[in-house]
Each structure stands twice: as C-alpha cells, then as structure tokens.
1. Under the rule that an exposed site lies in a DSSP loop and has at most 13 other Cβ atoms within 10 Å, name the longest stretch of the chain with no trypsin sites (Lys or Arg not before Pro) of that kind, not counting the sites themselves.
2. Relative contact order for the chain: what percent, with Cα pairs under 8 Å and sequence separation of 6 or more?
3. So, R0 is 35 Å and r is the distance between the beta-carbons of Leu95 and Met32; what FRET efficiency does that work out to, to 0.05?
4. Please give the calculated 222 nm ellipticity per residue for the chain, where each DSSP H segment of at least 4 residues contributes -39500 (n - 2.57) and the sum is spread over every residue; nearest 500 deg cm²/dmol?
5. In the chain, with Lys and Arg counted as +1 and Asp and Glu as -1 at Cβ, which of these residues, Pro51, Gly84, Ala14, has the Cα nearest the positive end of the dipole, that is, farthest along it?
6. Quick one: angle between helix 11-47 and the longest Cα principal axis of the chain, in degrees between 0 and 90, rounded to 10, please.
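Every number in this text was worked out from the coordinates using simple rules, so none of it is lab data. On a predicted model such as this, the values are computed, not experimentally measured, just so you know. A quick note on method: Cβ atoms are made from the backbone with ideal geometry, for glycine too, and the neighbour counts reach across all protein chains shown.
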Amino acid sequence: MARDDRLDAGPEEALPMLRWLRILVTALAAVMGIGVLAIAALLWLRLSQPPLPELPEQVALPEGAVPAAVTFARDWLVVVTETGEVLLYDKQGRLRERVQP
C-alpha cells in the first residue's frame, strides 16, 4: 500500500496547509457575513415600503362584491372580486364595465 507522505509531514511542512485552511475559513466567514447583511438590507428595504393604497371612497362596489385584488392604472381602477368578476372604474369612481368570468 502506498502511504501519503503528507501524513508523516513535520510541523514545518504542515504550517502552509494550516495557513491556507485558515485563509479559506476566514474568507468563507466573510462571504457569509456579507450575505447575511445583504439579506437583512433587502428585508429592511422591502418591509419599510408603504402599504398599498386603499380603495378610494368614491368607488362603490356592487352589492355583495368583496374585492380580492385592486389595480391602480393612470386613468382606470380595476377591481377583481372574490367571485372572479372584473370591475373597471374611471378616475371619478364611476363603474364603466363589468366582466363576468
């Protein structure tokens, strides 16, 4: 059987390998620290954004309609109800169109 000569290496020959291992471990710790800081920064940026705007008061939903999604466009307001109905409102809050699923 062939023996690995590095196993029998003295302390002088083992020091460069240990030094290299210490550099690798330190680099890994630094990269992981930067990654944790990046994730924390992204969470802070995302969670500090203001909540989505409320449905304007002048918009009157049909009887029994519960909004599931609201989309604000430049000239239109689109409300999707829980039943899947799409309601299209203008800027003044008047119902312009209803689309049934």
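1. Longest run free of exposed loop sites: 7-73.
2. 14
3. The computed FRET efficiency comes out at 0.05.
4. Calculated mean residue ellipticity at 222 nm is -13500 deg cm²/dmol.
5. Pro51
6. Between helix and principal axis, roughly 10 degrees.
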